Amino acid sequence: MNSKNERAELAADQRLGVGNVVTTLVERGTGLDTPTLTFDTDVDGHPAWQALSLAALGDRVAARAAALHALGIRPRDPVAVWVTNGADQVLGYLALARIGAIPALVNGRLPAEQAAEYIRRLRAVAVVADSPHQDALTAAGTTAPSFVDPATLGKGDPAQAPAPYRHHAGEPVVITHSSGTTGLPKAVTHSHHSLFAAIRHRLSLPKGQGLDRMLGALPSAHAATVIAVNLALTNRAQLAVLSAQSGPVVLDAIEAWQPQSVLGFAAVWSELAGEDLSSRDLASVRTWWNTGDCAHEAHIRRLVAVGSRETVTAQGRVRRTGSFFVDGLGSSEMGHSQFFITHTPDTDRYGRCIGKPHAFSDVAVVGDDGERLGAGQVGQLAISAPTLSLGYWNDSVTTYRTRKDGYFLTGDLVRHDEDGYYYHVDRAVDAVDVGDGTRLYTMLCEERVLARCADVLECTVVAVPSDGGAVTSVLLVLDPKADRGTDRTAEVLAALEPHVARTVERVVVVDPDRLPLGATGKVRKFLLRQRFLDGELLGRETTGSRVAVR
């Protein structure tokens, strides 16, 4: 099998998409013994941490498809999948897509009350849920038509699976959800081609360094995992899927499984940066791939200092200490990161730079009235790309509110410079007008504090409008080795722009478990703003300094 030719053939195959990669590769009949997906739990009698060959993966997907079909699941049926293990999430998606049903993947960490309401709005015909999640939904009063135990699905007979459903380009194939940081997560609908568009683009390019052995430290219910699964399969690469993504879990997996690349969200890099990386064997890692929110410079610098990478010199290819970090900006709705920038220990373009757009992405920065803004002007990011989702399932109102003139309005505030580099400054819902034509961008503030304050591991800035300005709290999570008793107020204020520093009322050190997080690890700032307005501000256990508003 000529892998270069196969990648070109797959890129050109317009029948191919996220609904049929497994069945298409099995039907090709080549590389059936190639290792594909590895899971961190036993599944259907297959041991944890042992790769499924392509043939075995096809067999496991067919078995689950047969069992689901026997239960009455049919094409176009929306079926929620709310489970703990990454194996059940991924195999559930692949099996439901094989029979033409529409899997709605639900993050296992979503609170039961939210999950119950989310599933109700989906109007799902069934819910694939393990026992803990079934119990949680029952206690939350869910009225799901039927529950399906994923432990029983592997007992299906692969020979009884119906013929693979024929997917078409614009048909809905899988539903994932947004992070839910501002309320109930939104059900994002992806088509057969939309989540495959960036993969098709990558298949037409030379194979990237570190793509042969990838560790997925991503929420298994996220669109990013769907993309990673299909990217690995079409590149004949190996992917290990983690069911949990805490720092120690990811580091243990790196040492045991020795991946070349690690895929994750910003929350993962924050946790890894807080660990003693020098005590870990991370030499196998060439590339850290970030998706979702862009990552912080302070965390990137700690990660690129470890691992190894190949560089081309006059003497040929040389392995050097230090790794790549590929950053960007994406979301479930965007379907894939729309930007990219690669950091090494030698690069120095930070300040929330998300790089330049991918070739498949048409990017605009627009003002409140929709006009395009020039270099240096901050506006909302608008995207037109083949990766974009179809919209929100059962919610046409929100779908059309976020679309304008063929573009998706992302809710992100960005600017670009004269060289074509883009910079992310905040989410529109978190930025505050502080008067005199100036605005406070909370994420940009966090970036500056982290870059300036070496012993601060994570920073959350909460700004609340007040009397034509803002009142701001700066919440610090410290490096475990840092002195919690040190007053860092002056250092924090010095990191901020003067018009922002004048709004700061509190600088407080908090324990990370006191911050309200969404299912994907994002801080729910709207809850913090409400606590601030209610006079709570994380209770009485926090310590810090009160700053006179100037």
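The values are calculated or read from the model by the stated rules, or taken from the named source; none is laboratory data. Here the structure is a predicted model, which is why all the values come from computation and not from measurement. Here Cβ is always computed from backbone atoms with ideal geometry, including for glycine, and neighbour counts include all displayed protein chains. Just the protein is used for accessible areas: all its heavy atoms, side chains included, with ligands, DNA and RNA removed. Shrake-Rupley method; radii C 1.70, N 1.55, O 1.52, S 1.80 Å.
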- Query: Across the range 368-400, what is the number of residues that are among the β-branched types (Val, Ile, Thr), within 20 Å of Ala431 (Cβ to Cβ) and either open to solvent by less than 30 Å² (accessible area, probe 1.4 Å) or free of Cβ contacts under 8 Å to residues at least 40 places away in the same chain (or both)?
  - Reply: 1
- Message: Suppose we keep only residues that are within 30 Å of the chain's Cα centre (by Cα) and of a type in the set (Val, Ile, Thr) within the range 25-43. Which one would you say is most open to solvent (accessible area, probe 1.4 Å)?
- Response: Val26
- Query: Considering only residues of the range 453-477 that are part of a loop (DSSP other than H, G, I, E, B) and small (Gly, Ala, Ser), which is surrounded by the most Cβ atoms within 10 Å (Cβ to Cβ)?
  - Reply: Ala454
- Please report, ordered by residue number, the strands (runs of 3 or more DSSP E) entirely within the range 237-338 with at least 2 residues that are aromatic (Phe, Trp, Tyr) and under 16 Å from the mean Cα position of the chain (by Cα). 287-290
- Lone unmet requirement of (1) part of a helix (DSSP H, G or I); (2) in contact with a His (Cβ under 8 Å, 6 or more places away or on another chain); (3) open to solvent by less than 20 Å² (accessible area, probe 1.4 Å) for Gly100: (1)
- Could you say whether any residue in the range 223-233 is within 16 Å of the chain's Cα centre (by Cα), over 21 Å from Ala11 (Cα atoms), open to solvent by 10 Å² or more (accessible area, probe 1.4 Å) and not acidic (Asp, Glu)? no
- Query: If you go through the range 401-452 one residue at a time, how many are under 30 Å from Ala490 (Cα atoms), charged (D, E, K, R) and open to solvent by 20 Å² or more (accessible area, probe 1.4 Å)?
  - Reply: 7
- Of the listed residues (Thr176, Thr143), the one being of a type in the set (Ser, Thr, Tyr), in contact (Cβ under 8 Å) with a residue 12 or more places away in the chain and buried (at least 19 other Cβ atoms within 10 Å of the Cβ) is Thr176
- Got at least one residue in the range 344-367 being buried (at least 22 other Cβ atoms within 10 Å of the Cβ), in contact with a Lys or Arg (Cβ under 8 Å, 6 or more places away or on another chain) and under 16 Å from Val304 (Cα atoms)? no
- Task: From Arg320, Arg286, grab the single residue that is within 17 Å of Met214 (Cβ to Cβ), charged (D, E, K, R), open to solvent by 10 Å² or more (accessible area, probe 1.4 Å) and touching a strand residue (DSSP E or B) at 6+ places or on another chain (Cβ under 7 Å).
- Result: Arg286
